[in-house]
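Everything below concerns the one structure shown next.
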Amino acid sequence: MRGLTGWGTQDEANNADSTPVMTQQQSSDDNARAPIDRSRASRGGGSIGLVLLIALVLVGAAGALLLIGRARAEPYILALLAVLATLGVFLLFALAAGILRGSGGEAASPLLKALVDHANEGILVTDPQGRVVYANATYLDLVEASGPQDVRPVERVFMGDPGVAEAVYRLLKAAREGRRGQEDVRISAHKGASQRWLRIRVRPLGEGKRESRMTVWSLADVTRELERHENVFQELQHAVDYLDHAPAGFFSAEANGNIVYLNATLANWLDHDLAQVGSAGLKLDDIVAGEGAALLTTLAAVPGDVRTEVLDIDLKTRSGRTLPARLFHKVAFGADGAPGPSRTLVLNRARDGSIDPQRAAEVRFMRFFQNTPMAIATVDKQGRIADSNARFARLFNPVFIGEASGDRSILAVVAERDRGALEAAIRKAAEGQGEIAPVDAALAGAGECYASFFVTAIADEKERDREAAIVYALETTQQRTLENQVNQQQKMETIGRLAGNIAHDFNNLLGAIMMATDFLLNAHKPTDPSFQDIMQIKQNANRAASLVRQLLAFSRKQTMHPQVIDLGEALSDLTILLRRLIGENVTLDVPQVRDLWPVKADVGQFEQVIINLAVNARDAMPFGGRLTLRTSNVGAGASAQHRHKEMPLGEYVLVEVEDTGSGIAPEIIDKIFDPFYTTKDIGKGTGLGLSTVYGIVKQTGGFIYVESEVGKGTTFRIFLPRYVPGADDVEVPQLPETSAPAIAISAAGEMRGAATDLTGRGTILLVEDEEGLRALNARGLQSRGYTVIEAGNGIEALAELERQGGHVDVVVSDVVMPEMDGPTLMKELKKRKPDIKIIFVSGYAEDAFDKSLPDQKQFNFLAKPFTLKQLVRVVKETMAG
C-alpha cells in the first residue's frame, strides 16, 4: 500500500502548502495526524483591510466635497448617493438569490466537525473533479498517508491492487450516477503483516445525479468483525456436524407440514435425500406412517405457551418400510396462538425388542394404538380428552381449532342433538357399568358426517378420576350414505313395481272403457244429445291413459323405440317449443357443442324428459329468470370427479338443465322423484312429472342427479351412456313394400304405415284372459268383417287352433295370462305353424317380456289401452304383410 501518488494536478499539489490546515489537539488515544480541510469555509469569512479601504475612500470623498463647497458639491453628492443606492439594491438581490452568502453560514458546527474529525471510520470528501476536499485523521491512518501532500482519493490509493481497484471502480460509477454503494475488500498485506479487510462506502451529497456535487467516502477496518463472524460460522458448522451425526434423529417442521431441517442420522434411517429438505420437497406425510402426522400438526396451547409431547408412532422409509420411534416433539406458540416450527428429537425403537421384552411389548402396543383405523381417546367424567391416537386427531381436529388442549371435550365432536346420548354413555362408564350400547351420532361441523361411538369403562377404579372411560369412534359416513342410497333405490324399485302393476290393471280397464266408447260413438250421431257425454267419457279415458303412461315410464315398463341420436340436434329441434312453454319472462340459453358423442335413446321420450324439466323450471321462476340447457362429453376419468357412487366409470354424454329459480329445500330433495309427490297447489300438478323423467332416464340406461340451493336455483344432470357401434350393429335396411314392418302404436294413437280402409276379411284367434275386454275386442273386429275365435289363455288358444285345423290368419294375444303366457304360446304356435302371424297386446312395455323371446323379432306389438281404430289398423297391416 506504499508508493501512493496524488490525485490532483501539479498546481494543486503546489498550492497545498499555501492551503490552511485545520488541526485540533488530540488525546493520547487519538491518531497523531491532523485532519485536512481544503473547503472554502476553512479559508475565513473575508478581509478587514478591504473594509477599512472602502471606509477611507468614502471619508475621502466626503472631505473633498466639503472643500469644493456646498453649492458646487451638490451634484456630486447626489451622484455618489445614487451609486451607493444602486450597489445596495444589487447586493440585496444577490443575497436573496443566494449569489452572495454571509461568512457565518459557511462555518461548520464545532461539535459536528469534531465528531467527523475523530470518527472511527475514515471519511474522505471529494469534489466533482475528484480533488480531495476533506480527509479525517482515521482516513490518513488507513491509507498510511505521510502528510497533506500524500492525501489521495480512494481510487488512486488502491490502483495497484486489481481486486480492490475493481470494487472501487464499481463504487465510483455508483457515485457518479447518484447512487450509494458498499464493498468489502481484502487488502494485500506487507511482508510480516496480516491481511486486512476494509469496508468501503460511497454516497453523493445530493439527492440526484445533477445535485450531487460532492462525494463522501468512508473506510472502516472490519478485519476483526469478519474474523468473529468466521469463528461463529465455524462453531455453527461444528454444532451442525455434531447434530447431524448424533446417535438420535432430529427434524424441524413448519405448521403446514413442510420439513425445514432433517439431520443426517434420521435421513440415513429413512433413506431420504437431504437435498429435498428446505425446498418444500419433503413433508411430514413423507416420513410419518399412517395418520401419525396428525398428532404432530394438531397440538393446541394457549398463546405464548411452549408444549412438549412424547409420542410413540411409526416413521416410514422412502421404500415404505415402517420404523417404530419415540418422538419428543416441542412446539412454541406465538402471541396469536399460531404454532411455530417444531423441534423434534427422534429415538429409534426398532432395537428395543432385543434389549428388553417389556419394551418390545410397549412398542407393539403403541404401534397398534397409533395405526388402528379406529379413533381412540380416553376421557374423564366430563368428557374432557386426556389422550388420543393419530386417527382421532386426523378425524376430529377440525372441531377443536382454536381451543387449548385441556379444554377439548369429546362431546364437542358430536352434533348437539346427539350429545346427550354420548354423555349418558360416558356417565355409565364412569360408574363402572359394562355393556354400554353403541351411540350412533351425527358429527359436528359442515356436511353430513356420522360416526359410531363405543364406550367402555376403565378397569382400574383409582384411575377413573383422571380417565373415566375409553371411547372408540368409527366413522360411518360412507356406510350411512350407501345405506341411504340402497334404501332409496329399493324404495324406488318397490314403488316402480307397484306402479307398473297398477298401470297394467288400469290399462285393461281403460281398454274396455275406450272400446265401449268407440261402440257408442259409432252408434250415435253427433246431433244425438248423448254424443257429447260419450265424448267426455272418451276424453277422460285418454287423460287416464296419459297418467298410466307416466306410471309406466316411472316403473321403466313403457314401450320405447331407441335409436342413435345426437342430443345437441334434439335440443335444437326443441328450442322453439320450449320458448313457447316457458314464456317470455324466462330466458332460454342452449349453447351449441360440436363433436358431441351419439347416444341410443327414444327421441320422443328424451323430448318428454326435457319438456318436463323445463316446465318445472318455469314454475320455479314466476318472476322470470334463466333456463340453460348444456351438453358435454364426459370421459371415463371425468366421470369419476362427479362422485356419484352408483354410476359406474365410463363415457357419458351429460345434459344439464339449470335454472335460477327458487331452488328445492334440502328436506324434500330426496322425495322429488316419488310418484304423486308434488309441492304445487291442488289442481296444478299430478306429481308424476319428475317421476316420469326418472323412469325414462333409467330405462334408457342413464343416471339423473339433482343439485339445488334455496334461493339460487336447481341443476339436473342427466348422464346417458355413449353409444359405440359393435361388430353386430348393422344399419337396418328398408323393407320392401310387400314385407310387413313391425308396427308399434303409441298410446297417443300415432301409427306407422296407416291405412284408410279399416275393413277386412280373415280368421283371427283372440287370446285374452279378461273376459269383458275380450268380448269387446272380438265385437270390434267382427264389426270390421273379421271372423274371431276367442280363447281365455294359451292352452285354450292351442286347442282352438287344432280345432280349426290351423286355418288362422292372425293371433292377437295378451302377454300376461294364467296357465300359459303369451311368449310361451308364440313358441308353441311357431312349432305347429311357423308362418303364423302374431300381435301381442299388453299393458306392460314390450321390453318387459322381450328377453324371453328369440333374438329375431317375429311379432308386432300394440300397447294397451288402445282404441278400436288402432286395433283394426294393426290387424289389417299385419295381415297385409
### Task
Return yes or no: is A41 touching an Asp or Glu at 6+ places or on another chain (Cβ under 6 Å), surrounded by 12 or more Cβ atoms within 10 Å (Cβ to Cβ), among the hydrophobic types (A, V, I, L, M, F, W, C) and modelled with pLDDT under 80?
yes
Within the range 358-375, restricting to residues that are surrounded by 14 or more Cβ atoms within 10 Å (Cβ to Cβ) and among the small types (G, A, S), the one that is modelled with the highest pLDDT is A375
- Within the range 348-368, can one find any residue that is hydroxyl-bearing (S, T, Y) and part of a helix (DSSP H, G or I)? yes
message = Considering only the range 144-152, I want to know if a residue exists there that is in a helix (DSSP H, G or I), surrounded by fewer than 17 Cβ atoms within 10 Å (Cβ to Cβ) and in contact with a helix residue (DSSP H, G or I) (Cβ under 9 Å, 6 or more places away or on another chain).
response = yes
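For the range 604-630, which positions are within 16 Å of V697 (Cα to Cα) and not in a helix (DSSP H, G or I)?
Scanning the range 604-630 gives no hits.
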Of the listed residues (E183, E155), the one being open to solvent by 30 Å² or more (accessible area, probe 1.4 Å) and assigned to a strand (DSSP E or B) is E183
When A193 is run through (1) of a type in the set (A, V, I, L, M); (2) part of a loop (DSSP other than H, G, I, E, B); (3) at pLDDT 85 or above, the failure sits at (3)
Given the conditions (1) without any contact (Cβ under 8 Å) to a residue 12 or more places away in the chain; (2) open to solvent by less than 60 Å² (accessible area, probe 1.4 Å), every one holds for H329 apart from (1)
Note: among A114, A175, just one is under 60 Å from the mean Cα position of the chain (by Cα) and among the small types (G, A, S), namely A175
Exception for R873 within (1) modelled with pLDDT under 80; (2) within 23 Å of T517 (Cβ to Cβ) falls at (1)
Y652 vs (1) in contact with a strand residue (DSSP E or B) (Cβ under 6 Å, 6 or more places away or on another chain); (2) over 25 Å from R722 (Cα atoms): all pass except (2)
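Based on what the data block shows, is A174 more than 19 Å from D37 (Cα to Cα) and either open to solvent by less than 10 Å² (accessible area, probe 1.4 Å) or in contact with a Cys (Cβ under 9 Å, 6 or more places away or on another chain) (or both)?
yes
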Among the residues of the range 257-283, the number that are open to solvent by 10 Å² or more (accessible area, probe 1.4 Å) and either out of contact with any Ser or Thr (no Cβ under 8 Å at 6 or more places or on another chain) or in contact (Cβ under 8 Å) with a residue 24 or more places away in the chain (or both) is 18
Filter the range 574-603 for residues that are in contact (Cβ under 8 Å) with a residue 12 or more places away in the chain and assigned to a helix (DSSP H, G or I); the one that is most open to solvent (accessible area, probe 1.4 Å) is L577
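The values are calculated or read from the model by the stated rules, or taken from the named source; none is laboratory data. These numbers come from a predicted model, not from an experiment. Please note: Cβ atoms are built from the backbone with ideal geometry, for glycine as well, and neighbour counts cover all protein chains shown. Accessible surface is based on the protein model in full, side chains and every heavy atom, while ligands, DNA and RNA are left aside. Shrake-Rupley method; radii C 1.70, N 1.55, O 1.52, S 1.80 Å.
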